[in-house]
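Since the structure comes first, as structure tokens, the remarks are kept for the end.
The values are calculated or read from the model by the stated rules, or taken from the named source; none is laboratory data. Bear in mind that the values here come from a model prediction, so they are computed numbers and not experimental data. All Cβ positions, glycine included, derive from the backbone under ideal geometry; neighbour counts span all protein chains shown. The area values use the complete protein model at the heavy-atom level, side chains included, leaving out ligands, DNA and RNA. Shrake-Rupley method; radii C 1.70, N 1.55, O 1.52, S 1.80 Å.
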Amino acid sequence: MSHLNYKHFTLGVEEEYMVLDPQTRELKSHRQRIVQEGQKILKDKVKAEMHQAVVEVGTDICKDIEEAYKDVVSLRGNIAHIAGELGLSVGASGTHPFSHWENQLITDHVRYNQIVNELQEAARSNLIFGLHVHVGMEDRKTAVHIANTARYFLPHIYALSTNSPFWEGRDTGYKSFRTKVFDKFPRTGIPDYFESLEAYENYVNLLIKTNCIDNAKKIWWDLRVHPFFNTIEYRICDVPMTIQETIMIAGLFQAITAKIYQLRSRNMNYIIYQRSLINENKWRASRYGIEGKLIDFGKETEVDTRALLLELLDFVDDVVDDLGSRHILQMVHQTLEKGTGADRQLAVFQQYHSLTNVVDYIQQQFLVV
């Protein structure tokens, strides 16, 4: 077995956190104080988001999963501490269980003002919290080909990340309602197939030329070849409740990327499926999480999502030792056993019939490693 040169599969992890009022458990504007204090320690690794009750953090470019793990532990620890000093608290969930977006303040910033001006209510109501994982690529040409193939696996990992069952005080019946909120934006969801980097760039340039967008960052797909960096950016997942789950998901995206790269380097490839088929699986993942079935398009049959996740672990098995992530991917078994963030939120709600208890639980889980 030839060993993979895994050096260029670097990792970057971005997470969005809820800022909470410890008394009411509602979302609360921190008026950028967490960002201002955070930047003194963490520099540009902490940023403001469109809504003032959101804090976004991003790791450095990490050479492997262990480095990413330490970075996320440090970011969550620092943000929780700073929030506490300011009389606030933080949590990680794809949606807040009961806060209403109408009460939330928008950050005064040129980019956000433009987005709100253009997208109006769709932007103002977009009070959601995601996870973005960047995996480094040697060049953007290779990135486009790998992204085409990686699209197939998006619903699998998304099912594992589901962590937003409640919206505005209601049990939505979905394991991830976050993407239902985000679907109101243009240029979201599973991307199309692009036969080359040139085809992708032609698409972007046409949108810029016709004033649809001013730059490629306004393409908000579930996966994109980053407009400026040599990375594939995976954007489909809810922000996970725990550090462990975030790192597990980052490790899975890295392993899938490396595996597809390895196949391509041997002149092999995974079957490319059309967007409309992958969308069927995305919908199922959003509705049922790991409790449902996804379609195995090769066999043209429904298969338990849990079984497909175990198959996925087998699929990437021969690259995980080179990446140094075997112990991280073993965490998938724990999630299959304990349930995703959504399953655990719902269990707390069933036990206490109280959404404030759910928020308390989310807060308690924030620093769990």
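Within the option set Val73, Val13, Val19, being under 19 Å from the mean Cα position of the chain (by Cα), open to solvent by less than 30 Å² (accessible area, probe 1.4 Å), aliphatic (A, V, I, L, M) and more than 21 Å from Ser125 (Cβ to Cβ) holds for one residue only, Val13. Once the stretch 213-232 is narrowed to residues that are among the charged types (D, E, K, R) and over 13 Å from Ile190 (Cβ atoms), the residue that is farthest from the chain's Cα centre (by Cα) is Asp214.
Okay, residues lined up against (1) in contact (Cβ under 8 Å) with a residue 12 or more places away in the chain; (2) out of contact with any Phe, Trp or Tyr (no Cβ under 7 Å at 6 or more places or on another chain); (3) of a type outside the set (A, V, I, L, M, F, W, C); (4) within 29 Å of His96 (Cβ to Cβ):
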| residue | (1), (2), (3), (4) |
| --- | --- |
| Tyr288 | yes, yes, yes, yes |
| Glu302 | no, yes, yes, no |
| Leu313 | yes, yes, no, no |
| Val320 | yes, yes, no, no |
| Arg326 | no, yes, yes, no |
| Lys338 | no, yes, yes, yes |
| Ala342 | yes, yes, no, yes |
| Gln351 | no, yes, yes, yes |
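Just wondering, is there one or more residues in the stretch 138-161 that are in a loop (DSSP other than H, G, I, E, B) and more than 25 Å from Thr356 (Cβ to Cβ)? There is at least one residue in the stretch 138-161 that is in a loop (DSSP other than H, G, I, E, B) and more than 25 Å from Thr356 (Cβ to Cβ).
For the stretch 189-222, a tally of residues being modelled with pLDDT of 95 or more, open to solvent by less than 70 Å² (accessible area, probe 1.4 Å), out of contact with any strand residue (DSSP E or B) (no Cβ under 9 Å at 6 or more places or on another chain) and not in a helix (DSSP H, G or I) returns 1.
May I ask you to verify whether Leu308 is open to solvent by less than 40 Å² (accessible area, probe 1.4 Å), closer than 22 Å to Ile328 by Cα and either hydroxyl-bearing (Ser, Thr, Tyr) or at pLDDT 95 or above (or both)? In short, yes. Is it the case, given these coordinates, that Arg264 is on the phi < 0 side of the Ramachandran plot, out of contact with any helix residue (DSSP H, G or I) (no Cβ under 7 Å at 6 or more places or on another chain) and touching a residue at least 40 places away in the same chain (Cβ under 8 Å)? Against the criterion (on the phi < 0 side of the Ramachandran plot, out of contact with any helix residue (DSSP H, G or I) (no Cβ under 7 Å at 6 or more places or on another chain) and touching a residue at least 40 places away in the same chain (Cβ under 8 Å)), Arg264 does not qualify.
With respect to the stated conditions, His327 fails to be surrounded by fewer than 14 Cβ atoms within 10 Å (Cβ to Cβ) and either aliphatic (A, V, I, L, M) or within 25 Å of Lys180 (Cβ to Cβ) (or both).
Given the structure, is Val316 closer than 30 Å to Leu75 by Cα, among the β-branched types (Val, Ile, Thr), open to solvent by less than 80 Å² (accessible area, probe 1.4 Å) and touching a His at 6+ places or on another chain (Cβ under 8 Å)? In short, no. Consider Leu367 carefully, then state whether it is open to solvent by 60 Å² or more (accessible area, probe 1.4 Å) and hydrophobic (A, V, I, L, M, F, W, C). Judged against the criteria, Leu367 is a match.
When Ala159 is tested against (1) in contact with a Phe, Trp or Tyr (Cβ under 7 Å, 6 or more places away or on another chain); (2) surrounded by 18 or more Cβ atoms within 10 Å (Cβ to Cβ), exactly one condition is not met: (1). Identification of strands (runs of 3 or more DSSP E) wholly contained in the stretch 1-102 with 1 or more residues that are out of contact with any helix residue (DSSP H, G or I) (no Cβ under 9 Å at 6 or more places or on another chain), without any contact (Cβ under 8 Å) to a residue 40 or more places away in the chain and of a type in the set (Phe, Trp, Tyr) yields no element.
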